[in-house]
Amino acid sequence: MTLRHPAPRKRRALDQSLLVLGTGALATGVAVLALAPGVSSASSHREAPMIAGDPRADNTDTYAFTSPDKPDTVTLAANWIPMEEPNGGPNFYAFADDAKYHIKIDNTGDGKADVTYTWRFRNEIRDAAQQFLYNTGPVDSLNDPDLNFRQFYDLTVTTARGTTTLLHDAPVAPSRTGKASMPDYGKLRDQAVRPVRGGGQTYAGQAEDPFFADLRVFDLLYGGDLSERGKDTLAGYNVNSVALQVPKKLLALKGDSARNPVVGVWSTTERKGATVTDSRKQTPKTLPHPGWRQVSRLGNPLVNEVVVPLKYKDAFNSISPDQDRTVQPVVDKVYDPILPKLIQKVYGIPAPKAPRNDLAEIYLTGICKACGPIKADLNAHSLNKDASAKQIVPAEELRLNMAVPPTAEPQRLGVLAGDLAGFPNGRRLADDAIDISLQAVEGAAQTGQLVPELADGDQVDTNEVPFGDRFPYLALPHTKNVNSGQGGDLGMPGDYKHAAAFGGAGALLLGTGGFRLWRRRHLG
């Protein structure tokens, strides 16, 4: 399929309109009324009440993009455990060994997963009786005897043909406990990148949190004072990540990414025996559920935070995208979102008139000329030549057109800046979701113009550290403590320096002149 671009004079309006996907306005059925209020947990940096109590199941972000250095492949990534303080010992951070972590792909447009990649983890402690430390000396490799706590995982892929094991007992890159303990973490990262059957490679382990934003936006939109923006709330924190790079044909409908380039992507967490009713109303018959239950779900960023009413946030993560259209109260919030009204109340910027058909097109159907008011073919499942129109349903998914090549000079505002390889056409690590979102909810899709009062967004335009140029692209995890309070100019680059007072800077270097354990063989 050839991506059809609009005429030059219309291009700017399209680019502005595609902003909308950032807003998370697609909350499309983010919550199911048929389910009890406390059905499960939510995801994306603590944006729902119940998930805040289960960080190892809390899915913070999902990414999908054509690999810049291997354009015949797609890179998928998902993160868990928000706000990992680098010095959070002695146990540090591990994937749950009683959960399933999934990245799901819909290539038909029916809102159901056609390809599911699943990670299952297990723990190994070498010496639980005589040690309290995560590692007992400097760690040089994933097999180092001084690495006391280790994790391994199985990676499987499930399609209509069944489930296939791609990797068995692959090692997880450990939490980065400090420079004294892990003097060359990049070496450990490289050892944790493993090839997978059928082509591609995968990684599981800790990484720097790639999401950058001033989250004081949730304090009544910076307290009504836009001069208070510019502090990267996530600076200095880490997450646990899984990443997978695979040939496009493994994701495409009928294995043909030329005829069928559009896929929908989301990630989920499942737990066994998850509660399926409000905990305040449990009875012996409803306490545990014997099977696996979905407790987290994340496709587009900011959907659950910004679009879904508080009443339905927990329920959003329990359902599959094919159910979204059945949840009318949340679908209504796509057509008449809450955030523009709050912006009008706080800053006096008039909210665009409802119904917001532009948001419905972007979030529920994908973008195509026949789908709605945005007259361009970008990432709707209906662009797949072998897709059945009768099967396609409105659903909240991070949609990616794999036919769009990587951009030589990526723009942080993605499609808004004329970069069709960026968000909302998939999502790259450096795409600025917050700034795109603020403009989107204010109707840039309809007017083709940025709202001047919000043109600077949250003034956090880049991540505090650069991303890598090869898989898994994620930055190495931080080692400096975030909780140092008021810091100074410690020589850190860019926004990280300015985030010091917020906790991202002012870090102490673990292991410099401090407590350090050496291997017994060095003591002899």
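The values are calculated or read from the model by the stated rules, or taken from the named source; none is laboratory data. Because the structure is predicted, anything quoted here is derived from the model rather than measured. As a convention, Cβ positions derive from the backbone with ideal geometry for all residues, glycine included, and neighbour counts pool all protein chains shown. Note: accessible area is taken over every heavy atom of the protein model, side chains too, but ligands, DNA and RNA are not part of it. Shrake-Rupley method; radii C 1.70, N 1.55, O 1.52, S 1.80 Å.
Taking every protein chain into account, the 1.4 Å probe leaves K249 with about 120 Å² of accessible area, to the nearest ten. Each 10 Å bin from zero holds the following percent of Cα-Cα pairs in region 380-454: 17, 41, 31, 10, 1. A simple spin-label model places pseudo-atoms 7 Å from Cα toward Cβ; at A160 and D140 they are separated by 5.2 nm. Rounded, prolate or oblate: which one fits region 176-215, using the alpha carbon gyration tensor with axes a ≥ b ≥ c (rounded when a/c is under 1.5, else prolate when a/b beats b/c, else oblate)? Because a/c hits 1.5 or more and a/b fails to exceed b/c, region 176-215 counts as oblate. Backbone N atoms of region 346-386 closer than 14 Å to the 7 Å Cα→Cβ label point of D456 are not found in any residue. The accessible area of T365, taken with all protein chains in place and a 1.4 Å probe, comes to roughly 50 Å². Amide H contacts of N135: N148, each under 5 Å away and 5 or more positions distant or on a separate chain (H built 1.01 Å from N in the peptide plane; Pro and chain starts excluded).
Taking N as the number of residues in region 71-127, what is its Cα Rg relative to 2.2 N^0.38 Å?
So the Cα radius of gyration is 1.56 times the expected 2.2 N^0.38 Å.
Placing pseudo-labels 7 Å out from each Cα toward the beta carbon at F467 and K272 gives an inter-label distance of 3.6 nm. Amide H contacts for E84 (H built 1.01 Å from N in the peptide plane; partners 5 or more residues away or on another chain; cut-off under 5 Å): N238.
If a spin label sat at a point 7 angstrom from the Cα of R122 along the line to its beta carbon, the backbone N atoms of region 90-106 nearer than 14 Å would be those of 97-99.
Label separation (K345 vs D190): 5.4 nm, computed from points 7 Å beyond Cα along the C-beta direction. Heavy-atom accessible area for E396, with the other protein chains in place and a 1.4 Å probe, reaches approximately 0 Å².
You can think of it this way: the chain between Y335 and L133 has 67.4 nm of extra reach, that is 0.36 nm per residue less the Cα-Cα gap. Stretching K311 away from K369 to a fully extended chain increases their span by 17.4 nm, per 0.36 nm per residue minus the current alpha-carbon distance. Would you list, by chain and number, the lysines whose Cα falls below 18 Å from the Cα of K333, excluding same-chain residues fewer than 8 positions away? Correct list for K333: K311, K313, K341, K345, K353. Would you work out if region 345-431 is rounded, prolate or oblate? Take a ≥ b ≥ c from the square roots of the eigenvalues of the alpha-carbon gyration tensor; rounded if a/c is under 1.5, else prolate when a/b is larger than b/c, oblate otherwise. Oblate shape, in that a/c is at least 1.5 and b/c is the bigger or equal ratio.
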